[in-house]
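Report on one structure; see the data block that follows.
The values are calculated or read from the model by the stated rules, or taken from the named source; none is laboratory data. For clarity, every value in this text was computed on a predicted model and none was experimentally measured. Cβ sites come from the backbone with ideal geometry, for glycine too, and all protein chains shown count toward neighbours. The accessibility values were calculated without ligands, DNA or RNA, using every heavy atom of the protein model including side chains. Shrake-Rupley method; radii C 1.70, N 1.55, O 1.52, S 1.80 Å.
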Amino acid sequence: DLSHIRPCRYILLKPTNMRVTPQDYSAKFKTSPLEIKFFGASGVIVDDAESIVQRTATNTAHKADSTSFQIEAKKVDGSWIKVQSFSNIEIQHLNESSKTDYAADNWSQFEKIPNTGSTTVEVSNEQIVQNQIIGLRVVVDKAGSGNWSLSGVSIQAYASSSSSNNAQISYSPAALRKLLLDGNEFDKFNKTLVNELARSDISVEKRRKITSLISEIIGADGKLAAQFYASFDLKSFITNCVLVEKNETFAEVQNLLRHFSNQRGFGDALLNAVLEILPTISDAKLITSIGLNGFFSLMQWCHSLDTKKVFNILLEELNKVARRIKDIRQPDYNILRAQYNIPSLVFEKELFSDANVIRKSGASSSSSSSAGSKKKAGADDDKKKERNPLKYKYYTTYSNDVDEYVVDLGKQSKVDEIRLGFEQSSRVLRFRVQIWAVDDKGSRLVHSRLYNDSTYIQLASYAYDAHNESNFKPTEELECLGFSGFNFQTRYLVIQLTYSLVPFLQPPYEKVEKKIVPEIYGEEVGPANELEAFVPLFNPKSKSHKDSLKLPHTSTYEKYEVPGKGTFIKKFLYDSTGALGSEAIADDKNPTDSEAFLQNHLKSLQSELSNKLKDVRNPNSGGATKGEIQEVCDEIEATLVKLLSVTQRPGLANAGQSLDFLYTLAVKLSQMIKKIDTNTDAKERVWRSDEALKGEKGRKIALEIFEYLIVYETGSISKEFISLLSDFLTSNLHESEWQLFNITVINNFLANPINVTSSPLNLIFSHIRIIEALDKISVPKGELLSFVVNKLNIPVGITDPSAKQEEDSGAQSEERRKKDCSVLCTLASVLLLLNNGYKKVAQAGGSAGDALAPPGMKRSLSSGSNDKSPRSS
C-alpha cells in the first residue's frame, strides 16, 4: 500500500527483484511465482491533468507550533472524558509543490497553492478501555496561525463490543500491543502471562499460545527479556509445558528459551531446574513420550556446565528406577523371557509409547506405483520422519480439469501443515491449489495459489530423477508441495486442484488416472459432529477394494473405488485409519475401533495368555508351543498399539506404575550416561576416578542393574544395559571388585538349576542368556577357571577372591607349581572339549545330545524333534 500523491494519467506496475524464498513451499524448489491478486489506485478525476502541479512526498522536519487539539470520549452516562491532548504537532509526511513544464510558464497562478502535510498518531489510553465508550470527538483549541494550520482530523478506532453487564472489557489491539511492549507496565500485563504458565490447570494449547506470545513480545523488544526472565519459574515451565507436550517440534519452547539464553545465569538455572525435576519424573502424574524426549534434550543442552553432578544424579536415578521395575514387574514375564524369548510388554494395561513395541520386519507391505527401490527408500525415510501425519480418510473425484479431495479427520483437529505428494508424471500442467476448512458454520478459504508448469515438472518429474536421489537428503521430500503456518481447527477439509486447459489436448484417461496424496499434520483436540453433506461420501452403498497407494514420502492408504456416473469422472475412497478394513463394507463405523471394545479385548487376551503360561508350569500339561504363545502376544501388542492411537488423553497418568514408561525412562538414563561419558574429554571424566564408583558402591550398582534389568529381560532392553555395564560400570571397577562382581553373578545365577515347573515363578530366568551377557561384559577367563577350581575343590593354589586367603609363609615348591599347572591345563582342555562338543550338538539340532551325557544321567533338555518348548534350562 503506497502513499504516493501526484497527478498522473497512466500507472505502470513493474515488479523488480521481488522474488523471495517462500516459507510454505517445498524445501527443494524455490521458484514460486509472484502472484499479484489486486492492483488499483484511489484518487479524484480532474478535467485538465496537464495543469495540475506535481507534488512529492518528503520527510523534512516541520512543526505546526500554533496548533493544538484534544480527543475526548463519551461514556455511557453521557459525560465526556479527556483521552489525550496534542500540541506542536510534527508533520510526518510533507507534499511540496514542484514545477511542471506547464506550471513553469504560469507559475504566478500556481505558487499560491499551499503545501500539505499529514501526521498519524497512535493513541492508547487506559481511559478508553476502563470505560465503556459510545462516542469520540475532537476538540480543536487552536487551528493554527502562521505557516501551518489544522485543516482536518480523522479518527480510526479499534472497537470491541461488550454487554453492559460484562465487567471485563477487552483492550484494543493497538493499545494492548503498546502496553505489552511497555516495561513500566510489566507487572500489570506481562507478569500475568508468566503466572499463567506456572498454573497446572490450563490446557496445553493455551500454554503454547502464551509461550508464543511471550516470544513475540521479547522479539519485538529485546530489553523485556530480562524482566520476563526475572519473574520466570523454569521448573514450573518445564513441568507444565515440556513434560506434557504433544507437538514434536517444540518450536514455542525452543524460541522462548533461546531468548533467555543470553541472560546471565540462565544455563545454571536451567541445569538446576532439570536436575530438580529428574528425581520426580518416575512419579509424574502426567507425561507424554514427546515430553520425555524434550526433557532429555534440555539436559543435553546444559549438562556440560557440571558433568560430574549430572552423571552422578543420572546413575543414582537409574538405580532407583531399576528397583522400581523389580517391584512392579509381573512375574509371568519371566516365563515369556526364559522359556520363549519373547520381549513384548504384553501385560500392560496401556502403553506409554510405541518405543518398546517389537516391530516385525516385512510385516506390512503395499503395492505402490513406484519402483521397488523407491519403496525401500520411502520406508526408510518414514522412520526418519520427525512427525507423522494424522490418520484420516479422504474421498476423491478425478475429472479433466478439476480434482477434488474431501478429507475427514475423524475428530476436531488443529491443523498446522498440509502437504501434497505428486505421483511421477511426464506431463506439463499449470494448476491452482485451493483449500477450504468446512464446519457446520460454513466454509472458509485457508489457502489459494497458482503454480506454473515448471513447478509441476519439478514435483512430478525432476523429483523422481535418479540423480536427485543421491544428491538430496530423503527428508527434503522432493515430490511434496507443502503449506505451513496454519492455525485453525476443523474436522473436514476440501482440497481442490484446478488445471489449465492443456489436459484437454491429451487423452482423458491420462488425466483421470493420476494420483496426488494429501497429508495433514497437526493434533486432535476433541470430538466433532459429522456434516450431513459429507456422510454419504464416506458411507457409500458399495465400494470395492482396489489396492494400496503410497508415494516415496507419504503414508500408505488403502484405495477403494466407488461406483458413479460419468465416463471421465472417477471416484475413490482412501483410508489410512484401517477403519474400512481389508474388504468393502457398508458402514465404516467399526465398533472394534472403540476404546471400550479394545480394552475389553485386551483383558480377554491377557487372561488367555496367563492361562497358557499357567499350563506351562503344570508338569501334567503339555504346555503351549512357542508359536501359540507368540501368536497371542502379537495380537495383544497390536491391540495395545491400536489402543494407544485411539485413546485421546493428554498423556500417561500415574506413569510410575507403568512398566513400559519405567523401561523407557531407564533406557533414556542409560543412553545419557553413556553419551556424557563418551563425549567428555578423558581428563574431565572425574567419575572414572571416583573411589566410590570404583569400589563397593560401583559394584553394588552394577549388580542391581544386572539383576533387575538384564537377568530377567531379553531383547533390546537387556542389550542396552549390557552395553552400559561393559562400557563403564564393570570396566571401571578395581580389579578386586571386578572379580567379586563376576563370582557373585556366577554364584547367584549360575550355580543352581532352574526348572520351569518347580522353581519359584519370580526366580525363573535363562542360564544361557546370562552366560551370553557375561561373555559380552568380557568376564576374564582366568576368573572363570579359578571359580570352577574352587567350586570343585580341586587341590590347587587358587582360591575364590571373595574368601579370605591365608598367606603362604613359604615359597611354593617347584613340584607343587608344576602339579597345579597340570590340573589347570587338564581342566581347561576338558572344558574346551565339552564346549566344542555342545556346539556340534547345537549345530546338529540336538540329535546326538545323549552322547555327551555321562552314563546313567538323564538329559534335562527335551529332544529337538519335540515341538514343545523345553521344560527346564
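Expected output is a single nm value to one decimal: the length gained when fully extending between L450 and A230, i.e. 0.36 nm times separation in residues minus the C-alpha distance. What is it? Numbers along the way, then the final one.
Numbers: separation 220, 0.36 × 220 = 79.20 nm, distance 4.82 nm.
Stretched out fully, the L450 to A230 stretch lengthens by 74.4 nm.
Suppose the chain between Q263 and S149 were pulled fully straight at 0.36 nm per residue; how much longer would it get relative to their current alpha carbon spacing? Before the final figure, lay out the partial values.
Values: separation 114, 0.36 × 114 = 41.04 nm, distance 5.00 nm.
Here the answer is 36.0 nm.
What is the calculated FRET efficiency for S731 to S212, with r their C-beta to C-beta distance and R₀ = 51 Å, to the nearest 0.05? Before the final figure, lay out the partial values.
Numbers: r = 47 Å, r/R0 = 0.92.
Once the sixth-power term is evaluated, E becomes 0.60.
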- At K441 and N539, where each label point lies 7 Å from the Cα along Cα→Cβ, what is the point-to-point distance in nanometres? 2.6
- May I ask you to derive the FRET efficiency for R427 and Q630 from their Cβ-Cβ distance with R0 = 60 Å, giving the value to the nearest 0.05? 0.75
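Based on the mean of other Cβ atoms within 10 Å per residue, sort peptides 271-281, 72-82, 604-614, 654-664 so the most packed one is first. Don't skip to the answer; put the middle values down first.
On the way: 271-281: 18.0, 72-82: 13.0, 604-614: 15.7, 654-664: 20.1.
Top of the packing list down: 654-664, 271-281, 604-614, 72-82.
Which net charge results for the neighbourhood of D677, defined as the other residues with beta-carbon distances under 10 angstrom from its beta-carbon, given Lys and Arg at +1 and Asp and Glu at -1? Could the numbers behind the result be given before it?
Details: positive: K674, K675, R685, R688; negative: D727.
After counting each charged neighbour, the total is +3.
Can you give the local net charge around K320? Use residues other than it whose beta-carbon is closer than 12 angstrom to its beta-carbon, Lys and Arg +1, Asp and Glu -1.
On the way: positive: R323, R324, K326; negative: D283, E316, E317, D327, E704.
Counting the neighbours of K320, the net charge comes to -2.
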- Query: Simple spin-label model, 7 Å along Cα-to-Cβ: T116 to H93 in nm?
  - Reply: 1.1
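For a protection proxy built on the mean count of beta-carbon atoms within 10 angstrom, sort 192-202, 234-244 highest first, please.
Working: 192-202: 13.6, 234-244: 21.0.
In decreasing order of mean packing, 192-202, 234-244 become 234-244, 192-202.
What is the magnitude of the charge dipole of region 599-680 about its Cα centre, with +1 placed on the Cβ of each Lys and Arg, -1 on the Cβ of each Asp and Glu, and no other charges, expressed in debye to the nearest 20? Before the final figure, lay out the partial values.
Details: 10 positive and 9 negative charges, 63 e Å.
Using Cβ point charges on Lys, Arg, Asp and Glu, region 599-680 gives about 300 debye.
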- Message: How big is the dipole moment of region 389-438 about its Cα centre under a simple scheme where the beta carbon of each Lys and Arg is +1, that of each Asp and Glu is -1, and everything else is neutral? Debye, nearest 20, please.
- Response: 120
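Report the full-extension gain for the segment L176 to Y10: residue separation times 0.36 nm, less the Cα-Cα distance, to one decimal in nm.
Values: separation 166, 0.36 × 166 = 59.76 nm, distance 4.18 nm.
Going from the current span to full extension adds 55.6 nm.
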- Item | Of K391/K571; K285/K326; K285/K414; K74/K209; K206/K668; K223/K441, pairs whose Cα-Cα distance is over 32 Å | K74/K209; K223/K441
- Task: Work out the FRET efficiency for K603 and E704 from their Cβ-Cβ distance, taking R0 = 35 Å, and round it to the nearest 0.05.
- Result: 0.60
- Task: Please identify which residues in region 225-249 have an amide N closer than 11 Å to a label point set 7 Å out from the Cα of T280, following the Cα→Cβ vector.
- Result: 235-240
- Message: Quick check for you: with a 1.4 Å probe and neighbouring chains kept, what is the accessible area per residue of region 306-345, in Å²?
- Response: 35
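Let me check I've understood the local charge: for I238, count other residues with C-beta under 14 angstrom from its C-beta, Lys and Arg +1, Asp and Glu -1. What total comes out? Each step should come with its number before you reach the end.
Working: positive: R207, K235; negative: D233, E245, E252, E276.
In short, -2.
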- Item | Part-to-part distance (alpha-carbon centres) for region 732-773 and region 605-680, which is given in Å | 23
- Task: Evaluate the distance, in nm, between pseudo-label points positioned 7 Å from the Cα of A751 and of E532 along their respective Cα→Cβ axes.
- Result: 8.0
